[in-house]
Structures are given as structure tokens and as C-alpha cells.
Amino acid sequence: MNLDFPLILVAATFITGLIWAVDAVLWAPKRKQAAAAISAGGGGANTESVADTLKEPTLVEYAKSFFPVILAVLLLRSFLVEPFRIPSGSMMPTLLVGDFILVNKYAYGIRLPVLNQKVYDIDNPQRGDVVVFRFPKNPSVDYIKRVVGVPGDHIVYRDKTLFINDKKIAQVPAGTYIGVGSGLSMSGAEIRQEALGEVKHDILMVPRIRGVDADVVVPQGHYFVMGDNRDNSNDSRYWGFVPDENLVGRAFMIWMNWDSAAGGVGWERIGDSIE
């Protein structure tokens, strides 16, 4: 079962905030009135009884403690930066299994949490951007791929060669890939360097795999995406386009790598930018 973490955060923020507000408006004044009545009794007014009467209920104490923290996490995760973990090798060699990445949530506009409704437009994905999006076939699952085609582009992928608007995208041989850890199975794949606009990146090709062709025109409001591990990626060649409303954000940095098959922390990857 997939947990809807944004929904949990919104619900927790609402509940703790509501408890705090109800206490401030209703319960706290009543406690103060009760304490004042005890003090007005005069004579042997019990200071300890007054303190006990004014004491906040445990539920209120927890709500007031957690509300600011949960609200801060909600705002940060919803509108600024969200962490993700790479579970597969579809973006090798750019991203490896076990990479923990940061995603810019406002790069393509500000969206409401849970509803995912864009309320402020900022920019659109460009060719070469590495984007996180909700999988069109199952929006509860997040995918990460590279944008290859933007609205209006004619995309042809034939014989493992990419053409954008009838222009062949050059692939420069860059050696043989040596995999480690969870990526060991990709050892021997060909590394090729490709450029999408100003973005230069490496891709992997496996000669023994035939590859999947495509010939499409990207509709308005949609994007054509592919994995850098071209022969081992479930992407737009198989299931179609990514709607703009499914975009989550642009991946920009690796903040941690943990691959138990490679011996644990990959220190050399920490802090790497994502191109």
C-alpha cells in the first residue's frame, strides 16, 4: 500500500492547528476563569490548585509543540524542495540505485499539496531537464526521467538514434561502463555522450538489446521523457506522454547515496549536481 505522505502532512497540520486554535478560543479562557474563581475564594487559596487548573491538557501541549514543526515540513516539502530515493537503474549512469536526490518543487510552478493544482506559473520543462513526475498510468507512483521532447516536437527514436524535429542528435562514444553494486549488471554497456540543447549527459546502450522505436508528435501540455539507460527504461516509448499536471519538479542534486550491494555509503556522489 502506498502512503499518501502529503495528505498525511496536511491532515496532521490541520488537526494540530485546530486543537491549538480551539484551546486558545475556548478551553484556555475557561481554565483561566476556573483559576480566578479558586483565587477569589480568598483565605487559604491553594496556589497548587490554581497551577493545576491552568495547566494545559497533554493533547494541547503536544499539538502546540508539533504544529510549527509539521507546518514547516509541509511548506518546505510542498513548495521548495522534496527528497526522493532512486529505486531503479533506468537513469544510469546519471543516477544510480540508492541515490537520494533533491527536487526543486517550484521550478515548474507552485502547486497546492494533495490537490496538485498549479496556482502560480513560473517556467516549463526544457529538453534535457531531469524531472520527477507522477506516473500517468498510476499517479500514486513517482517516476524520474529526462525530458526529450516538449510540446510541438516531432520525436523519432530509430535504431537507438534520437531525432528531434528531423535533426539527428549526435551520440559520441565515451568508453565502456563498469558497474558496481546494484548496477553491476550494466557492466560492459556502451557509454555515449548526448547533448539536448545546452545539457550534455551520458547515456548507456546495450548492443545485444534491439531497443524500442518511436515516432510521435508531442501534444500541447505534455512531455516526452526517456531514461538515460536507454535499453533498460520504462518511459514514453512504452506508455506515452507526461501531462503537465503530473509534474512534481526538477531534480538538481544528489545529497546521499546508499547501496548495500556496493558496501554502503557512496561518499564520492554526495553533493553531485544532476545534469
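Assorted remarks:
- Among residues of region 1-50, those that are at pLDDT 95 or above and polar (S, T, N, Q), counted: 2
- Only a single criterion out of (1) at pLDDT 95 or above; (2) surrounded by fewer than 17 Cβ atoms within 10 Å (Cβ to Cβ) is not satisfied by residue 92, namely (2).
- Residue tally, condition touching a residue at least 24 places away in the same chain (Cβ under 8 Å), more than 30 Å from residue 262 (Cβ to Cβ) and in a helix (DSSP H, G or I), over region 63-81: 10
- Residue match in region 33-52 (condition: surrounded by 14 or more Cβ atoms within 10 Å (Cβ to Cβ), of a type in the set (D, E, K, R) and not assigned by TED's automatic domain parsing to the domain that holds residue 248): no
- One residue stands out among those in region 112-158 that are loosely packed, with under 15 Cβ neighbours inside 10 Å and either of a type in the set (Gly, Ala, Ser) or not assigned by TED's automatic domain parsing to the domain that holds residue 251 (or both): the one that is nearest to residue 253 (Cα to Cα), which is 140.
- Flag for residue 83 being under 30 Å from residue 109 (Cβ atoms) and surrounded by fewer than 16 Cβ atoms within 10 Å (Cβ to Cβ): yes
- Some residue of region 168-189 being surrounded by 14 or more Cβ atoms within 10 Å (Cβ to Cβ), closer than 30 Å to residue 78 by Cα and modelled with pLDDT of 95 or more: no
- Residues considered: 153, 159. Of these, the only one that is touching a Phe, Trp or Tyr at 6+ places or on another chain (Cβ under 9 Å) and touching a residue at least 24 places away in the same chain (Cβ under 8 Å) is 153.
- Residue in region 229-240 that is of a type in the set (S, T, N, Q), free of Cβ contacts under 8 Å to residues at least 12 places away in the same chain and either within 24 Å of residue 135 (Cα to Cα) or part of a loop (DSSP other than H, G, I, E, B) (or both) present: no
The values are calculated or read from the model by the stated rules, or taken from the named source; none is laboratory data. All figures in this text were calculated on a predicted structure; none of them were measured in a lab. All Cβ positions, even for glycine, are placed from backbone atoms using ideal geometry, and neighbour counts span all protein chains on display.
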